[in-house]
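Inspection log for the structure reproduced underneath, given as structure tokens.
The values are calculated or read from the model by the stated rules, or taken from the named source; none is laboratory data. Only a predicted model underlies this, so the values are computations on that prediction, with no experimental measurement involved. For neighbour counting, all protein chains shown are included, and Cβ atoms are generated from backbone atoms with ideal geometry for every residue, glycine included. Please note that ligands, DNA and RNA were not included when accessible areas were found on the heavy atoms of the full protein model with its side chains. Shrake-Rupley method; radii C 1.70, N 1.55, O 1.52, S 1.80 Å.
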Amino acid sequence: RQADGRKVLRSSIREFLCSEAMFHLGIPTTRAGTCVTSDSKVIRDVFYDGNPKSERCTVVLRIASTFIRFGSFEIFKPTDEYTGRKGPSVNRNDIRIQMLDYVISTFYPEIQEAYSDNSIQRNAAFFKEITKRTARLVAEWQCVGFCHGVLNTDNMSIVGLTIDYGPFGFMDRYDPEHICNGSDNTGRYAYNKQPEICKWNLGKLAEALVPELPLEISELILEEEYDAEFEKHYLQKMRKKLGLIQLELEEDSKLVSELLETMHLTGGDFTNIFYLLSSFSVDSDPSESEDFLEKLMCQCASVEELKVAFKPQMDPRQLSMMLMLAQSNPQLFALIGTKANINKELERIEQFSKLQQLTAADLLSRNKRHWKEWLGEYREVRLQKEIESVGDADAWNTDRVRVMNSNNPKYILRNYIAQNAIEAAENGDFSEVRNVLKLLENPFQEAEGFREVKEDEEEEGATATAAACAQETRSRLPYCSKPPLWASELCVT
């Protein structure tokens, strides 16, 4: 695409911090060894809006056992009958066999050893293992609200790691259709589509492994293993997040779904509500319940936040034109828009209209009603069954809180936190990057007595501008806060 291939400071800091954050959350990932910036500049049009700016070049040293991806096996693809495209190494089956042998023997040695005399069985066992690893990986993402942003086959690791941190984002307000990538116009990689798109990518890997692994074998493995492994791992993790440590009940899936629906209806902060639940008392003391409910309300979206979230994105005249075009010329409409996008915009307009009449008191009353209903089910039904199954309720409760606190992070790399660190770094002060990194290394712990790192001015060559910027950063919200309203304007592409 005639690009220069250079990375800039902004995206480098995001990748450096997020890959380390994911590692300390216990999610399989590539790591970041160093982040080095220079005085060289490149021009970038960050939002593709015709307003380019000069940015500093930066290098991130990434570390992983391998950077081979699903897409690495697609370089051998034969000519596509519809597009005419083909892989750059088409017909080089000899290289593909070598690469597959290398991947299995190096990164899956136990499979190589178990099936050394039968290559089809060996390849099937390998495909089954990468299918399960990928299912578990995306389940982990869903449980911390992580959105990758660009999940094509070239961003899927052959060993099941989170790879290539581009336009990623952690979800703040829970929205199952959250899109973190500002240039993903169709929502192909939305939060709720990540499990499905990762499965689709495994299907493409299966196609690229033919004839070393016949498609009828790999497709059967994919159908039998992926969904089952995802659902099993997701529910296991969610039980831990909710402190359901004693019993595994069928209705747990429904309890989780209803929790997420309650979060969605109330605009709840995904990370903070899960973290808060560990302080929910199993005793039904009315005053404690009311106090907890008040804390929960602080983590729900305000009328102002909802107005920002549901603000119509299309000019009314543009929407009217698109609706007419969908009726009069469906073929042309299909080239410039989708019915789903139009319907979503119409829903947004309807929601925004309702919000104009909604008062803060009405919203609070509605939110309390939703949460009382779910909390009643959680405590009176599900937690009660846990208590009835144990001998020592106090010991169980201590264990429950411990498990919840080690599975629900207090700190994640929210976009506004990354942005504050980037702005300081672009002015020559990297102390905020170090502060955030230090925090993300202990995501589950309360940062008591947390001291911010201060750079040696001579070593960093800090300027008065940088110092002022750092001071401004230090006066901002605590790292565990819901995002401020200005953060809704942040766009990552």
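Here are the numbers:
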{"quantity": "Apportionment of accessible area to carbon and sulfur, the chain, percent (1.4 Å)", "calculated": "50"}
{"quantity": "Residue-span extension gain [Ile120 to Ala360] - 0.36 nm each, minus C-alpha spacing", "calculated": "80.1 nm"}
{"quantity": "Unit charges on C-beta of K, R, D, E only; dipole of the stretch 136-237, Debye", "calculated": "400"}
{"quantity": "Computed label-point distance, nm, for sites Lys53 and Leu249 using a 7 Å Cα→Cβ extension", "calculated": "5.3"}
{"quantity": "Shape category assigned to the chain from the gyration tensor of Cα positions, a/c cut at 1.5", "calculated": "rounded"}
{"quantity": "Cβ-derived FRET efficiency at R0 51 Å, Met324 paired with Ser481, nearest 0.05", "calculated": "0.70"}
{"quantity": "Efficiency of FRET from Cβ geometry, Glu258 and Leu332, R₀ 35 Å, rounded to 0.05", "calculated": "0.25"}
{"quantity": "Whole-number percent relative contact order across the stretch 67-246, with pairs defined as alpha carbons under 8 Å at least 6 apart", "calculated": "26"}
{"quantity": "The stretch 335-343 - phi-based ³J(HN,Hα) in whole Hz, Karplus 6.51/-1.76/1.60, Gly and Pro as x", "calculated": "7, 10, x, 10, 4, 4, 5, 5, 4"}
{"quantity": "Cα gyration tensor shape of the stretch 1-104, rounded if a/c is under 1.5, else prolate or oblate by comparing a/b with b/c", "calculated": "oblate"}
{"quantity": "Heavy-atom accessible area per residue - the stretch 250-389, 1.4 Å, Å²", "calculated": "57"}
{"quantity": "Segment Val390-Lys86, length gained on full extension (0.36 nm per residue, minus Cα span)", "calculated": "103.3 nm"}
{"quantity": "Lys/Arg +1, Asp/Glu -1 at C-beta; the stretch 78-117 dipole; positive extreme among Ala114, Thr79, Met99", "calculated": "Thr79"}
{"quantity": "Cα Rg, Dmax, the stretch 227-293, angstrom units", "calculated": "13.3, 43"}
{"quantity": "Cα centroid separation, the stretch 5-57 to the stretch 356-393 (Å)", "calculated": "41"}
{"quantity": "Shape call, the stretch 121-164: gyration tensor on alpha carbons, a/c limit 1.5", "calculated": "oblate"}
{"quantity": "Accessible area expressed per residue, the stretch 109-171, with surrounding protein chains retained (probe 1.4 Å, Å²)", "calculated": "30"}
